[in-house]
């Protein structure tokens, strides 16, 4: 494409940017993707943290990848391999008890718990179609409801009504509740509740007893599918191939310094190198604070919009720790790819209590991933990689994030890991600890928030601001399409896909 004017410039080559680029290019638009780093993928990219050892990105969960994106972009023809069934998660209690959490419960569980899980799963199955309709389609503008199609609203309302009185009441009641309350209503086994609640806390500035966390839980349950083999890096690889196959150009090492405005409309971008690139429109998949406060000229957006963007909450509370391990890794007595610790929702809440005051939890709950089981190329032969999402780490440590406080967090995560994998401490060859401050620096995430804005009740319903809920910003020609937009973060590719459809609808 060179320096000629293109129709759409996409800022960011993470999963959402690549999805949007592929969708727009497939529809016939000329598309240029600009990525600041030397590789594509963002937080889903594989990262070498020690010579010969690589992780599989920050997020181990690929089960939320939207199937219609896979189908429409033909990702399986570009190397994506879908799992036949969702991965089984091993839940690990401090006393050594383990259970397998999946479509059914296995392991050290009694018949009563099995019945509870079957009944709960059946309720989630009945609610899932309505919830998927909410998260797979553009958001309802509850602030400007008069702008919504009456027919569209009626169809959604009818789908809710068809649930029946009992299920409809559950759909209205559950989202505002703490996820711990929801799970303790259904399960008497604390290990089951603890294992199921952790995904609801990804991207949440709160613990399991925080109101509204059940909505994020319901979102996860409704969207969950089988996931992919190879994790986030395989999604990124397939998306990049799909985008290039339909004509999109992807440039790495191309940091955008500013979004250029001609008159009142977007006319292109200027790179940090000084190169200017003309475009009819710009789709920014970076954080909205970066796009609307840093990249556009001062005074471009109204004071009201600027206030909404500045007060959009992005307070990361997760740390990511990668371990290079000598030999194989056995968690809870078995060689498994995924495991969760925590044991009890109250123990997870205590970890959150420490974080609220800028302190480190004594016993952080962990989402553990052994990516080298699926992809042996991530570690030298005979060795392993283990990654841990640590719940929780304070956005700002009371003493500041220093080498000492970072190491202290790493030590506590390693101690939890060693409790479930005895002797592993002597086999740790290296580790990388990324605190929220490190995530902000390394991945350009304001607040160190890996979902580009908290998955709180209000910020999932209106995301990121009332003015930008449908991806179009008040600046003509500037669109948003990253994880900060509906339906939120995680490896779904839904924001990029929906933003592309909004652009195509506006252009038609």
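The values are calculated or read from the model by the stated rules, or taken from the named source; none is laboratory data. Keep in mind it's a predicted model, so treat the numbers as computed, not measured. Neighbour counts are summed over all protein chains in view; Cβ atoms, including those assigned to glycine, are modelled from backbone coordinates with ideal geometry.
Worth a mention:
- Index of the failed condition, residue 442 passing every other in (1) not assigned by TED's automatic domain parsing to the domain that holds residue 362; (2) not in a strand (DSSP E or B): (1)
Quick grid of which residues meet (1) under 27 Å from residue 446 (Cα atoms); (2) surrounded by fewer than 24 Cβ atoms within 10 Å (Cβ to Cβ):
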position: 369; (1), (2): yes, no
position: 382; (1), (2): no, yes
position: 402; (1), (2): yes, yes
position: 409; (1), (2): yes, yes
position: 416; (1), (2): no, yes
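- Check on residue 75, out of contact with any strand residue (DSSP E or B) (no Cβ under 7 Å at 6 or more places or on another chain), over 25 Å from residue 415 (Cα atoms) and surrounded by 18 or more Cβ atoms within 10 Å (Cβ to Cβ): yes
- Here the condition is being under 30 Å from residue 61 (Cβ atoms) and modelled with pLDDT of 95 or more; of 278, 284, it holds for 284 alone.
- Only one of the numbered conditions (1) touching a strand residue (DSSP E or B) at 6+ places or on another chain (Cβ under 9 Å); (2) surrounded by 21 or more Cβ atoms within 10 Å (Cβ to Cβ); (3) assigned to a loop (DSSP other than H, G, I, E, B); (4) at pLDDT 95 or above is not met by residue 36, and that is (2).
- Of the residues examined, residue 432 is not one that is touching a residue at least 24 places away in the same chain (Cβ under 8 Å), in a helix (DSSP H, G or I) and buried (at least 18 other Cβ atoms within 10 Å of the Cβ).
- Count of residues meeting criterion [crowded, with 24+ Cβ neighbours inside 10 Å and touching a strand residue (DSSP E or B) at 6+ places or on another chain (Cβ under 7 Å)] in the range 483-508: 1
- Here residue 324 fulfils each of the conditions (1) free of Cβ contacts under 8 Å to residues at least 24 places away in the same chain; (2) over 19 Å from residue 202 (Cα atoms); (3) not in a loop (DSSP other than H, G, I, E, B) apart from (1).
- Screening residue 345 with (1) under 23 Å from the mean Cα position of the chain (by Cα); (2) surrounded by fewer than 16 Cβ atoms within 10 Å (Cβ to Cβ); (3) at pLDDT 95 or above gives one miss only, at (2).
- Residues in the range 232-277 that are assigned to a strand (DSSP E or B) and touching a helix residue (DSSP H, G or I) at 6+ places or on another chain (Cβ under 7 Å) were compared, and the one that is surrounded by the fewest Cβ atoms within 10 Å (Cβ to Cβ) is 258.
- Residue count for the range 462-508, restricted to those that are assigned to a helix (DSSP H, G or I), out of contact with any helix residue (DSSP H, G or I) (no Cβ under 6 Å at 6 or more places or on another chain) and more than 27 Å from residue 232 (Cβ to Cβ): 4.
- All of (1) in contact with a helix residue (DSSP H, G or I) (Cβ under 8 Å, 6 or more places away or on another chain); (2) at pLDDT 95 or above hold for residue 307 with one exception: (1).
- Scope the range 94-116; condition in contact with a strand residue (DSSP E or B) (Cβ under 7 Å, 6 or more places away or on another chain) and closer than 21 Å to residue 417 by Cα; matching residues: 98, 99, 100, 101, 107, 108
- Residue identified as under 27 Å from residue 365 (Cβ atoms) and in the same structural domain as residue 326 (by TED's automatic domain parsing) among 62, 98: 98
- Failed item in (1) assigned to a loop (DSSP other than H, G, I, E, B); (2) surrounded by 16 or more Cβ atoms within 10 Å (Cβ to Cβ); (3) under 25 Å from the mean Cα position of the chain (by Cα); (4) in the same structural domain as residue 410 (by TED's automatic domain parsing), with residue 358 passing the rest: (2)
- Failed criterion for residue 396 (all others in (1) assigned by TED's automatic domain parsing to the domain that holds residue 179; (2) closer than 29 Å to residue 486 by Cβ; (3) assigned to a helix (DSSP H, G or I) hold): (3)
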